[in-house]
Amino acid sequence: MSTQQQEPESQESPQDPEMKGAESPQQRRLKEKQEGMVDEHAEDEAEAAGETVHIKVFRYDPEVADKQEPRFDDFHVPFEKGMTVLDAVMYARDEFDSSLTFRHSCRQAVCGSDAFFVNGSQMLGCKTQLSELEQPVRIEPLPHQEVVKDLVVDMDHFYDQMHAVEPYFQDEDTPAASDLEEQRQTPENREKIKMSSRCIWCGACMSSCNIAAGDNEYLGPAAINKAYKFAMDDRESEEIKEHRLRILEQEHGVWRCQTQFSCTEVCPKDIPLTEHIQELKREAVKKNLKFW
Amino acid sequence: MSQSYNRGLIEDFSRWKEFSAGMWAWIFHKFTGWMLIGYLFTHIAVLSSAIAAADGQTMMLAGEEVNAYTGTLQGLESLFIVRVLEVGLLAVAVFHILNGIRLLMVDLGVGLTAQDKSFYASLVLTGIITVASVPTFMAGVGL
Amino acid sequence: MYEHDVLVVGAGGAGLRAAIAAHEAGADTAIVSKLHPVRSHTGAAEGGINAALQEGDDWELHAYDTMKGSDYLADAPAVETLAQDAPEDTMRLEHWGMPFSREEDGRVSQRPFGGLSYPRTTYAGAETGHHLLHTMYEQVVKRGIQVYDEWYVMNLATTDEADPNDRQCEGIVAYDVQTGKVEGFKANQGVILATGGPGQAFDHTTNAVSCTGDGHAMAYRAGAPLEDMEFIQFHPTSLPSTGVLISEGVRGEGGILYNNDGERFMFEYGYANNSGELASRDVVARAELDEVAEGRGVEDEYVHLDMRHLGEDRILDRLENILHLAEDFEGVDGLVEPMPVKPGQHYAMGGIEVDENGQTCIDGLYAAGECACVSVHGGNRLGGNALPELIVFGKRAGAHAAGDDLGEPEIRTGYGDDVEDDDTELPVAPGASGLDSADAVADGGVAAETGALEQAVERERARVDRLMDKDSGVQHAEIRAKLQNAMTDYVNVFRNEEGIEKALEIIRECREEYQDVYVDDPSTTFNTDLQQTIETRNLIDVAETIALGALVRNEFRGAHWRQENQVRDDENWLKHTLVSWDDGEPSIFYRPVILEGEEKTYEPKVRSY
Amino acid sequence: MAERYSSFTTGGTAWFLQRVTAAFLIVVLAFHFFLLHFVNHASEITFAGTQARMENIGYFLTMVLFLIAGAFHGVNGVYNALVNQGLSGTPKKVVLAVLVIAAGLLIVQGVWVALVMRGMI
C-alpha cells in the first residue's frame, strides 16, 4: 500500500474571530469562559503551550480519484490535556478536511462505534489518551475487515456472527401480563455473567483475532462471549443451554480459538474473552462426555 | 455497498512487530508442531531399517560389517550435522512440551492472567534445558 | 421504494420497543436508523428504571412523585399511564433476559433515587441503559424485524392540507449512508419517530454526537407542534472537555464540590444549606456557574469534585467506573486529584407533542422517547424516569400504530379551541429563511395532497444534489459551532430576556448562513459531511424552538430559570408552551396542563425536598 | 444461520483427544528422550539393544501407543492449523483425506517396524 505523505497542514489556531466556531470544542470552551474577564488569557496559554500532536490517518475512498490508492495523511492537531484519539480526528475533520470519515457517537465508550487500529493495536478512539501514545500516532481502520472509506470498515460480517449464536432469551415471546412474575436469579449468577454482558460490539476483538482473520466462518470472540452470557444465565433452562452449546461446538465455534489472548488484550471493556471461550469448551466437552 | 478495499491477509504478517506474547506463543507452537510431525515421519522411515536388518542385510560402517539398522543409526549419529539437528530437535520438542503444558493450563482455566509470563518462562526454560543438554548430545561425535 | 406497515425511525430504547410492539400487533415493521441499533445513545444511560414493583409501593406514589418532580407541568393522564404500565413493562424486560442487579433472595434490586418517596429504581449495575438497549435489540433480532441501519432519515412525506390536524404522514425519505442513494419508504399504517434528544444544539452536552434532534425538526416542519422545548435539564457533573457524565453516585457516596479557593461552596455561600452537594440537579448546576461567574472557578471554567477522602477501597468498590471515566476522558486520576466538573446539557423534557398513544396531531405520525413530549417530565425529569418512558410509551406508540385499540386519549394535540395564542414581541422573525418552501436546501415545506412520498423523495434528491454540487461557501461545522455556542452562552442554566434575544438573533444568522452551506466531500460513499450538514439544519430549527420557549416563559419552573421572574408563577404559567412551524412562520401558543388524574387532582405544591 | 447446524462435527471430541494425547505425549516423549539420549546414547544404539528393549511387552505397547498418539496429535494439529487459515470446501476434504491416509500409513509402517524389532515378524 502506498504511504504517500502529504504536506503537513497548517496547525495555527485560527485567530480570526469569525473562525471561532471552528476551533476544537475543548479549546473553544476554554476560551469562552475567559470572555469578558480575561479575554486573551486562554489564547496566550494555548500558544505558550504550543504543543501539537502529529497524527497519520489512513485515507481511502473508492470514488475519489486521489484516494482510490490508499494513503496516509498527516495532521498536526493542537494538543490539550485530556485529549483523546477521537478528539484529534474530530479536530482534523472539522478544521482541515471535512471529508475525513469515521464512525463515532457517544464519545464515552458505550456505543462502540469508534474502534480504530492505533499504533498497531485495536482500541476505542474515544477512550485512548493521546498522551499515552508514541508520536506520530498512526490511525488506521480495523484490520481484517474491508474498508468502506477512511476509518470506516464494513461491520456486516461481525453482525452476522453476533446474530449467528441466537443472541436472545429463548423463552416465550410475550407471557401474558398475569404471568409476569419475575424470574429469580442469584446475585452470584448475575455476577458470573456481568463481564460478558458489558460487550459494546465494537469489533476490536474480532479484528485482533488471527483465527477470525483466516477462517471467515469462525464465530469469533464477541459472538462466543455473547453466547456465554446466555449459556451461563441460570434463568434459561438446561435444554436451552444444551442447544446453545450445540451451536458453539460446531467446527467453527469455540474449538477454533487458539488461546492467543489477543482479543482479551484489546477489549476496551476488559471482558476476559479467552477465559469465557475456554470455559465453554470445557462445558461442551463435559456435555459430550455425559453420553459416553 | 458500492465498493470496498480489502487489505488482504498479508497485513497479518507485516504486523509481526505488533504481536503480543500469546500470538508469538501460538506461532512458535504451530511452527514447532510442524517440525515435530515432520520429524516423526522421518524417524519412522529411519527406524524402518530394522526391517532390512531383520532380513539379515548388512552394511559397512567404519570398516566393520554391521546390520542395516545399527549401521544406519550409528552412521547418522556420527555426523556432526545430525548432532546439531538433534539439539535443535530437542529445543523444538522441549518448547512444544512446555508451551503445551502452558496451553493445557489455559484450557483448564488456570493462571489465565499470567499467560504472557508463562510463555516467557517456557522460552527461558527451553533455552536452559537445551544448553544444558548440549554436552550429552555432542558427546563422542567425531569432528 | 420500500414499503412496510409501520416504520420506526431511530433504534434506541423507544424505537426498539415500538418496533417490537408493532410487530407483536401483527404489523410488518421495519426500523430505519442512522446508527446500528446497539450504537444508540440509550446505551449511555446509567441510573435505572422507576417502577412500583414491591409490596408497599404503589403506582399512585410513583405518579405523585413524578407530578411533584415535574413542578406541575406534566399531564396527569400521561404520568398515570407511565406509573401504571412501568411495572409490567419492566418485568417484561426481565423476562427478555435483561441482567438486572439482584438481591440475595434472587429478586430484582431497587434503589432510592432523587425525588422518589420509595426505593423503586430498578437497575443493572451502573449500565442500565446499555443492558436495556442490548436486551431489546436481542428481541428485535429474535423476531426478525427488518432493520435498515445506517440509513439517515432526511424528511417525512406528509400531505399538505392547511390545517396540520388534517394532514397524513405517508412515509419517510431516507439516505443510505453507505451508498448515498436516497429512497422513499412507504408506511401503510404509521411512522414512529424515536430519534432521541436534541443535545447537540448545545456546545457542552452529555449527549452523543448523533443526538441532533432530527425527529423534532422533521415533525416540526411537517406541522406537529413542539412542546415545552425550553425545559432542558443540565447535569451538574460532566467532564469539561468532553461532556462525559460523572454519575450523581459520586456525590451520593460523599463526594465534595470545591471552588478554586478550596471552599466547599454549596455550604460556604449558602446555595443549599441542608443538602449541600446533594441538592437537586438544577440547584447544584446553578451554584457551580455562579462560582465561575464570581471568579472562583478553576481556570475560570469549572469546579472540582473531590472523592479522594472516601478512600481507595470504597472508591474501587463503588465508583470504579468513575475512575476509568476521569482517567480515559480527562486524563485525571480521581484517587490522587480532584476531578474537574461543570454543568452540561443532559436531557430535553420537551419534544414533539403527542398524546398517551404516542400520536401527534398528524394522522399516522407518532413519536416516542426523548424526542416526544407526552408529557411526563414537565419542567424537570426525575432520575430514573427516562427509561420507563421509553418502554411504556414506545410500546404504546408501536401498538397503536399497528392498529391496537388503546382507548381514546385524554391529551389533545395540535392547534385547537383549547389553546391560547401568544403575543410576545420577538426580536427577529423566526422560521424559514429565504421563504421558498419548494427550495430544497432552504426550508422544505410539505408535499401535495397525493403522491406525497414521491414528491418528498424528489425534493430530497434535489436537496442532496444541490448541496453536493455547490463547491464553495460555508461549511456546516462552522455554523453548528456558532449555534452551539450561542445556545450554551445564552440559553443555558441562567436565562434572561436580553440573552435569549441575542441567541435568537444568532440563530437567525445561522439560518441565513445555512443558505450558503456546501459539502466539501464529493463522495457518495459514507459521506458524513453531507449527513452532518443536513443534521445542522435540524439543529437550527430545534435550537430556535428552545430559545422561543425560553423567551416567552417568564417564570422559574423546574429546570427553566428566568432572571426577570425568579419564582414559579402558577397563576399564569400552568400551561405548556407549543411552537408550530406553520409553513415556515413559527407561531407560539399554549395549552393548559392537565392536573386531573383518574381519581384525584394533583394540586401544585412547593417543590422542596 | 440454519446452514451452520448442518455442519456439526465431532470438533469437541477431536479437541478433547488432542488434549488427552498431549498430556500422554508429554510424559512419554520425556521418557523417550531421556532413555535414548541420556541412559542410552543415541550413537550407541544397536539393533540388538533395540530388540532387547522391545522384548518387554510394556515397553512395546507404550511405544505403539506413543506412535498412535503422536500421529493423531500431529496430524490433527496440522489439520487444525489449516482450518484456522480458512481451509474450506473440497480442498479441506482432500486435505483431511490425505492426512488420514498419511497418518494411517505412518502407524501401519511404525507398528510393522515395531513388530519386526520384537521379532514377531
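The values are calculated or read from the model by the stated rules, or taken from the named source; none is laboratory data. Keep in mind that what you see is a predicted model, and the values were worked out from it rather than measured. Methodologically, a virtual Cβ is constructed for each residue, glycine included, from the backbone with ideal geometry; neighbour enumeration extends over all protein chains shown.
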Open item on the list: Looking at (1) assigned to a loop (DSSP other than H, G, I, E, B); (2) within 19 Å of D:Y79 (Cβ to Cβ), which one does A:I271 not meet, given that it meets all the others?
Closed with: (2)
TODO: Return the only residue of A:K127, A:K149, A:K194 being at the interface with chain C (Cβ under 8 Å from one of its Cβ atoms) and crowded, with 23+ Cβ neighbours inside 10 Å.
DONE: A:K149
TODO: Would you mind listing the strands (runs of 3 or more DSSP E) fully within the range C:117-185 where at least 1 residues are acidic (D, E), more than 12 Å from chain A (Cβ to nearest Cβ) and in contact with a Ser or Thr (Cβ under 9 Å, 6 or more places away or on another chain)?
DONE: C:169-176
TODO: Return yes or no: is B:G56 part of a helix (DSSP H, G or I) and among the small types (G, A, S)?
DONE: no
- [ ] From the list C:G358, C:G369, pick out the single residue that is in contact with a His (Cβ under 7 Å, 6 or more places away or on another chain) and either modelled with pLDDT of 95 or more or surrounded by fewer than 24 Cβ atoms within 10 Å (Cβ to Cβ) (or both).
- [x] C:G358
Task: Scan of the range C:473-499 for residues that are more than 13 Å from chain A (Cβ to nearest Cβ) and either surrounded by fewer than 18 Cβ atoms within 10 Å (Cβ to Cβ) or charged (D, E, K, R) (or both), ordered by number - done: C:F494, C:R495, C:N496, C:E497, C:E498
Open item on the list: Condition first: out of contact with any Ser or Thr (no Cβ under 9 Å at 6 or more places or on another chain) and crowded, with 20+ Cβ neighbours inside 10 Å. Can you find one or more residues in the range B:101-121 that meet it?
Closed with: yes
TODO: Only one of these is assigned by TED's automatic domain parsing to the domain that holds C:M218, modelled with pLDDT of 95 or more and under 30 Å from A:V165 (Cβ atoms): C:T122, C:T135. Name it.
DONE: C:T135
Task: Count - residues of the range A:195-216 that are touching a Gly at 6+ places or on another chain (Cβ under 7 Å) and either assigned to a loop (DSSP other than H, G, I, E, B) or more than 20 Å from A:V152 (Cα to Cα) (or both) - done: 7
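State whether one or more residues within the range C:117-125 are surrounded by 19 or more Cβ atoms within 10 Å (Cβ to Cβ) and either among the small types (G, A, S) or under 30 Å from C:T536 (Cα atoms) (or both).
Start the filter on the range C:117-125 by keeping residues that are surrounded by 19 or more Cβ atoms within 10 Å (Cβ to Cβ), which leaves C:120-124.
Of the ones still in play, those that are also either among the small types (G, A, S) or under 30 Å from C:T536 (Cα atoms) (or both) are C:124.
Among the residues of the range C:117-125, at least one is surrounded by 19 or more Cβ atoms within 10 Å (Cβ to Cβ) and either among the small types (G, A, S) or under 30 Å from C:T536 (Cα atoms) (or both), which makes the answer yes.
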Open item on the list: Being at the interface with chain A (Cβ under 7 Å from one of its Cβ atoms) and modelled with pLDDT of 90 or more is the filter here; which residues of the range D:9-26 pass it?
Closed with: D:W15, D:F16
TODO: Give the residue that is farthest from the other protein chains (Cβ to nearest Cβ), with candidates limited to residues of the range C:207-258 that are farther than 16 Å from C:L289 by Cβ and among the hydroxyl-bearing types (S, T, Y).
DONE: C:Y220
Task: Scan of the range C:303-322 for residues that are modelled with pLDDT of 90 or more, more than 13 Å from C:M266 (Cβ to Cβ) and in contact with a helix residue (DSSP H, G or I) (Cβ under 7 Å, 6 or more places away or on another chain), ordered by number - done: C:M307
TODO: For D:F24, work out the one condition from (1) among the hydrophobic types (A, V, I, L, M, F, W, C); (2) surrounded by fewer than 19 Cβ atoms within 10 Å (Cβ to Cβ); (3) within 30 Å of A:I247 (Cβ to Cβ) it doesn't fulfil.
DONE: (3)
Open item on the list: I'm told C:M1 meets every condition in (1) surrounded by fewer than 24 Cβ atoms within 10 Å (Cβ to Cβ); (2) under 30 Å from C:V250 (Cα atoms) except one. Can you identify the failing condition by its number?
Closed with: (2)
TODO: Could you grab the pairs with beta carbons closer than 8 Å, sequence gap of 6+ or different chains, first residue in the range C:295-324 and assigned to a helix (DSSP H, G or I), second one of a type in the set (D, E)?
DONE: C:R308/C:E337; C:L310/C:E253; C:R314/C:E253; C:R318/C:E253; C:L323/C:D333
Open item on the list: For the structure I just gave you, tell me whether B:V131 is more than 9 Å from chain D (Cβ to nearest Cβ) and within 14 Å of the chain's Cα centre (by Cα).
Closed with: no
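Given the residues C:T66, C:T42, which is the only one that is at the interface with chain A (Cβ under 10 Å from one of its Cβ atoms), assigned to a helix (DSSP H, G or I) and buried (at least 22 other Cβ atoms within 10 Å of the Cβ)? Step through it out loud before you land on a result.
Working: C:T66 fails: at the interface with chain A (Cβ under 10 Å from one of its Cβ atoms).
From the options C:T66, C:T42, the qualifying one is C:T42.
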TODO: Just give me the residues in the range A:105-121 being surrounded by fewer than 24 Cβ atoms within 10 Å (Cβ to Cβ) and at negative phi, in sequence order.
DONE: A:Q108, A:V118, A:S121
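Could you pull out the residue among C:G398, C:G394, C:G351, C:G344 that is touching a residue at least 60 places away in the same chain (Cβ under 8 Å), touching a Phe, Trp or Tyr at 6+ places or on another chain (Cβ under 7 Å) and either outside the structural domain of C:I172 (by TED's automatic domain parsing) or surrounded by 24 or more Cβ atoms within 10 Å (Cβ to Cβ) (or both)?
Values: C:G398 fails: touching a Phe, Trp or Tyr at 6+ places or on another chain (Cβ under 7 Å); C:G394 fails: touching a Phe, Trp or Tyr at 6+ places or on another chain (Cβ under 7 Å); C:G351 fails: touching a Phe, Trp or Tyr at 6+ places or on another chain (Cβ under 7 Å).
Testing whether each residue is touching a residue at least 60 places away in the same chain (Cβ under 8 Å), touching a Phe, Trp or Tyr at 6+ places or on another chain (Cβ under 7 Å) and either outside the structural domain of C:I172 (by TED's automatic domain parsing) or surrounded by 24 or more Cβ atoms within 10 Å (Cβ to Cβ) (or both) leaves just C:G344.
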- [ ] Filter the range A:230-250 for residues that are within 20 Å of A:T186 (Cβ to Cβ), free of Cβ contacts under 8 Å to residues at least 60 places away in the same chain and not in a loop (DSSP other than H, G, I, E, B) and give the result.
- [x] A:A231, A:E238, A:K241
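Could you tell me which of the residues C:S280, C:S275, C:S210 is under 25 Å from C:G334 (Cβ atoms), out of contact with any strand residue (DSSP E or B) (no Cβ under 8 Å at 6 or more places or on another chain) and buried (at least 20 other Cβ atoms within 10 Å of the Cβ)? Explain how you work it out, then say what you get.
Numbers: C:S275 fails: buried (at least 20 other Cβ atoms within 10 Å of the Cβ); C:S210 fails: under 25 Å from C:G334 (Cβ atoms).
It is C:S280.
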TODO: Check every one of the helices (runs of 4 or more DSSP H) wholly within the range C:483-595 and list those with 3 or more residues that are among the aliphatic types (A, V, I, L, M).
DONE: C:497-514, C:528-552
Task: Odd one out for D:A69, checked against (1) modelled with pLDDT under 95; (2) crowded, with 19+ Cβ neighbours inside 10 Å; (3) hydrophobic (A, V, I, L, M, F, W, C) - done: (1)
Open item on the list: It is to be established whether one or more residues within the range D:36-58 are β-branched (V, I, T), at pLDDT below 95 and either closer than 30 Å to A:H252 by Cβ or part of a loop (DSSP other than H, G, I, E, B) (or both).
Closed with: yes
